[in-house]
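**Q** Before anything else, here's the structure in question.
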Amino acid sequence: MKLVMVLMLAALPLYCYAGSGCAYLEGVIEDTTNPNISIEQFKNSLEEYIPDDATSKAVGEFKQCFLNQSNETLENFDAFMQVIYNSPGCVLF
């Protein structure tokens, strides 16, 4: 399960690096940290990347980790991500 999560997180920046832009990655991160988006909605938005039940379970657990956080923690995480995106010379891969 942990390997699936790592691979999922590694695949998204590669998708952006391939020339599609990072709007997709930013949208996924936004959905991940948004407490108003349910686990099912989150899974549906990533449907094309979820090939089996084990991956679906891992994605659900991943989202649940963020749902368990306070709004303050989620805001701090979003601020942290903005610092990373806006850092000069920052390259995801």
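**Q** Measure off 7 Å from each Cα along the Cα-to-Cβ vector at Asp53 and Gln69, then give the distance between these two points in nanometres to one decimal.
**A** Calculated label separation equals 3.0 nm.
**Q** From the Cα gyration tensor of the stretch 33-85, with a ≥ b ≥ c the square roots of its eigenvalues, which class applies: rounded if a/c is under 1.5, or else prolate if a/b is larger than b/c, or else oblate?
**A** prolate
**Q** Determine, for each peptide in 34-43, 57-66, the mean count of other beta carbons within 10 angstrom over its residues, then list the peptides with the highest first.
**A** 57-66, 34-43
Read the figures in this text as sums done on the coordinates, not as results from a lab. None of these values were measured; they are calculated from a predicted model. Quick reminder, even Gly has a Cβ in these numbers, built from the backbone with ideal geometry, and neighbours come from all protein chains shown.
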